[in-house]
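**Q** Take this structure first; my questions come after.
The values are calculated or read from the model by the stated rules, or taken from the named source; none is laboratory data. Because the structure is a prediction, the values reported are computed rather than measured. Virtual Cβ from ideal backbone geometry, glycine too; neighbours counted across all protein chains shown. All accessible areas refer to the heavy atoms of the entire protein, side chains included, with ligands and DNA or RNA removed. Shrake-Rupley method; radii C 1.70, N 1.55, O 1.52, S 1.80 Å.
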Amino acid sequence: MVKTKVILLIIVGLLSFSLKAAGPAMHVTLGEKWIATFAPEYTEEQKKLFLLGTVFPDIRYLGVIKRTQTHFKGMTLEKVYATDSPFMRGMYFHSFVDEYRDRCVRKTGIEKTITEIPRSQQGTFLKLIEDQVLHSQYRWPEFKKYLMSIPEDEKKFGLELSALTQWHTALTLYFSTKPSMILQQVGMFEQNILTLDAQTIKSWGTLLPQYADSSEMKKHVEQMLHAFDEAFTSLHVVQQ
């Protein structure tokens with residue numbers, strides 16, 4: 001029980017950071033799309049390394065590595081494609097997704113429709129909405145299988161094995177249940193976590209599925225995925 005509680009708290013702590021970043025489910029979903037477009041020849045092992053690379057950069061929120069070591073400014077799809085290592089491709093793709101998604105969100109102004117959430121927290125809540133919707137649309141057994149082992153590419157960053165294990169365990173739990181369920185479980189502990197107080201966490205556990213079930217938010221996620229599809233297609237056509 002203690003271990004589960006710690007992992008739950010870690011997950012909520014991670015999600016309370018970085019208002020402009022995509023959530024884990026969005027990163028993996030878009031990573032799958034990238035592989036289908038640009039690397040359909042990937043072996044199972046290469047696909048595993050790429051997808052693990054798409055989420056690895058956010059391990060920085062555990063306080064074990066600097067942001068400059070995991071995130072790269074001005075990342076483009078061309079730079080992602082030009083990289084040989086599947087894992088580094090995934091890491092570069094993570095940075096591209098965060099920046100491109102932020103531009104899409106600012107363009108639509110969708111955050112402003114989340115009226116029940118304070119403006120300063122709308123970015124975080126929107127990220128959770130997106131992952132909640134994606135959790136309802138996709139199954140994650142394959143990716144959870146990838147999380148069962150820690151690749152050498154992650155170990156090369158010189159992090160403690162305990163931190164890497166904690167990271168993989170937290171992600172495994174995250175991809176096993178919806179964000180709203182995690183918030184509801186954490187809410188029972190009546191504990192503040194970083195920027196989120198206990199009452200906010202409990203409230204979000206109730207509000208999140210309501211927003212995620214709305215046609216407006218489902219359409220937002222659909223349009224977001226479509227925007228990335230168009231970006232992928234444009235580059236793919238040029239390469240051909």
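**Q** With the structure loaded, tell me whether residue 66 is in contact with an Asp or Glu (Cβ under 8 Å, 6 or more places away or on another chain) and surrounded by fewer than 21 Cβ atoms within 10 Å (Cβ to Cβ) or whether it fails that test.
**A** Spelling it out, it is not the case that residue 66 is in contact with an Asp or Glu (Cβ under 8 Å, 6 or more places away or on another chain) and surrounded by fewer than 21 Cβ atoms within 10 Å (Cβ to Cβ).
**Q** Shifting gears a bit: Among the helices (runs of 4 or more DSSP H) confined wholly to the stretch 86-179, which include 2 or more residues that are of a type in the set (Val, Ile, Thr) and open to solvent by less than 10 Å² (accessible area, probe 1.4 Å)?
**A** Details: elements: 86-108, 122-137, 141-146, 152-155, 161-174.
Filter on the stretch 86-179 gives 86-108, 122-137.
**Q** Inspect the stretch 141-161 for any residue being basic (Lys, Arg) and within 18 Å of residue 224 (Cβ to Cβ) and give the result as yes or no.
**A** No.
**Q** Applying the selection to the stretch 54-76, what residues are outside any helix (DSSP H, G or I) and over 16 Å from residue 101 (Cα atoms)?
**A** Within the stretch 54-76, 63, 64, 65, 66, 70 qualify.
**Q** Pairs only if they're at least six apart or on different chains, beta carbon under 8 angstrom, first in the stretch 197-223 and over 17 Å from residue 120 (Cβ atoms) and at pLDDT below 95, second open to solvent by 50 Å² or more (accessible area, probe 1.4 Å) and aliphatic (A, V, I, L, M); list them, first residue then second.
**A** Listed pairs, sorted by first residue: 205/181.
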